[in-house]
Amino acid sequence: MKLKKMIALMASTVICIGMLAGCGGSAGGNGSAQTSNEKSSGKKVIGFAQVGAESGWRTAETDSIKSIPTLDSNFDLKFSDGQQKQENQIKAIRSFIAQKVDLIALDPVVETGWDTVLKEAKDAKIPVVIVDRKVTVSDDSLYKCFLGSDMVAEGKKAAQILIDQFGKDAKLNIAELQGTVGSTAMVGRQQGFNDAIKDCPNYKIIKSQTGDFTRAKGKEVMEAFLKSDGDKINVLWSHNDDMAMGAIQAIEEYGKKPGKDIFILSVDGIKDIFQAMVDGKANATVECNPLLGPQLLEVAKNILDGKEVERTINSKESQFLQKDAAAELPNRKY
Ligand code: GZL
């Protein structure tokens with residue numbers, strides 16, 4: 001009997017030691033083993049503070065940046081979803097600083113309010129790359145570079161599609177679905193569009209309100225637009241495809257034909273808007289490239305190797321009309 005107990009005791013001791021070793025050898029249990037393992041493995045760690053998950057475009061950007069460790073096994077990625085709140089993104093950056101990541105990537109929900117936390121990153125000697133949307137800061141040395149789209153150009157391209165389609169003298173009553181107020185995408189697209197229609201005296205923006213880049217809010221706001229001016233609106237100018245998709249639903253429920261009674265113009269180039277164009281329910285989209293992972297990896301490598309990087313790296317983008325949609329849809333990656 002004694003011998004049996006002895007063998008059982010020895011076996012359980014061996015199992016315990018094995019389990020501990022599997023957790024990196026630290027009994028701390030506070031995750032420090034994970035971080036020290038990453039550090040001891042010599043991998044470079046990028047902390048990415050993302051805006052949220054509000055649109056198809058956003059999800060595609062997240063997937064692309066999350067693919068960085070697959071593209072290069074010398075890199076790991078820590079990810080934080082800000083749920084469209086600046087305070088969450090600031091908390092995430094502070095957490096990345098505490099974890100001593102090698103580089104921070106920030107996609108800022110709005111342009112202002114970043115000086116303090118980016119100064120903390122600078123003091124901790126952690127380089128910062130701004131992706132997709134821009135920041136307005138008092139000290140340009142607070143980040144190394146900006147990687148993303150020219151949103152003002154996107155707004156100009158959208159207006160030019162109307163001018164090409166209808167001519168400068170057409171009488172257009174435009175309903176505008178704005179993106180998140182204060183975001184570069186909203187500020188830039190609105191500025192670019194408004195500048196470009198200055199020579200079109202009868203292009204009138206008769207309704208304009210934010211739909212916060214989401215389908216649900218885009219539908220809700222378009223319902224209100226139609227209730228007050230449904231008989232006048234003949235163009236929808238939406239700052240992203242997701243709000244346009246919500247608006248298309250609202251227009252159909254109102255009893256009008258989107259893509260025919262109301263010209264549907266938006267930005268991003270997600271698959272759903274291409275399908276809507278194939279179905280005749282949307283008319284044009286200006287591409288905004290979310291697939292920033294490979295470029296961010298390249299920039300991070302150069303920065304961590306002490307190489308100089310360009311201050312602004314713009315994505316290459318196109319635009320598509322309803323007549324292009326069927327041929328382009330199979331090529332869409334997001
Ligand atoms: C644009 C990006 C915008 C997209 C929206 O670069 O910031 O935010 O156009 C997304 O779909 O919500």
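Every read-out reported here was derived from the displayed coordinates using simple, explicitly stated rules and does not represent laboratory data. On a predicted model such as this, the values are computed, not experimentally measured, just so you know. When we count neighbours, we look across all protein chains shown, and the Cβ atoms used for this are built from the backbone with ideal geometry, even at glycine.
Rounded to the nearest 10 degrees, the inclination of helix 241-254 to the longest alpha-carbon principal axis of the chain is 50 degrees. Averaged over residues, the count of other Cβ atoms within 10 Å places the peptides 289-298, 68-77, 168-177, 263-272 in the sequence 263-272, 289-298, 168-177, 68-77, highest first.
Distance check, please: which entries in K232/K260; K207/K232; K78/K125; K66/K125 exceed 22 angstrom between their Cα atoms?
Working: K232/K260 14 Å; K207/K232 10 Å; K78/K125 18 Å; K66/K125 24 Å.
From K232/K260; K207/K232; K78/K125; K66/K125, over 22 Å: K66/K125.
Which trypsin sites (Lys or Arg not before Pro) in segment 280-318 pass both tests, a DSSP loop state and at most 15 other beta-carbon atoms within 10 Å? Those that pass, being in a loop and sparsely packed, are K307, R311, K316. With each label modelled as a point 7 angstrom along the Cα→C-beta vector, the V278-D305 pair spans 4.1 nm. Among E328, E253, E287, the order by Cβ neighbours within 10 angstrom, fewest to most, reads E253, E328, E287.
When each of F79, F213 is scored by the number of other beta-carbon atoms lying within 10 Å, the sequence from fewest to most is F79, F213. Rounded to the nearest Hz, the phi-derived 3J(HN,Hα) couplings of segment 45-56 under the Karplus curve 6.51 cos²θ - 1.76 cosθ + 1.60 (θ = phi - 60°) are 10, 9, x, 10, 9, 8, 4, x, 9, 7, 8, x, where x marks glycine and proline.
If you stretched the chain out fully between S318 and D195, how much longer would it get, using 0.36 nm times the residue separation minus the C-alpha to C-alpha distance?
Numbers: separation 123, 0.36 × 123 = 44.28 nm, distance 1.99 nm.
Using 0.36 nm per residue and subtracting the Cα-Cα distance, I get 42.3 nm.
Starting from a Cα-only point model with no solvent, please compute log10 I(q)/I(0) by Debye for the chain at q = 0.10, 0.11, 0.12, 0.13 1/Å. One equal scatterer on each Cα of the chain leads to -0.65, -0.75, -0.85, -0.95. Counting other Cβ atoms within 10 Å as a rough exposure proxy, the listed residues W237, W114 run W114, W237 from fewest neighbours to most. Relative to the dominant Cα principal axis of the chain, helix 151-166 is inclined by about 30°. The 3J(HN,Hα) values that the Karplus relation (6.51, -1.76, 1.60; θ = phi - 60°) gives for segment 223-236 are, in residue order, 4, 5, 4, 5, 4, 8, 9, x, 7, 9, 4, 10, 9, 9 Hz. Gly and Pro appear as x. Quick check: from the Cα gyration tensor, does segment 151-288 come out rounded (a/c under 1.5), prolate or oblate? Because its axes are fairly even, with a/c under 1.5, segment 151-288 counts as rounded.
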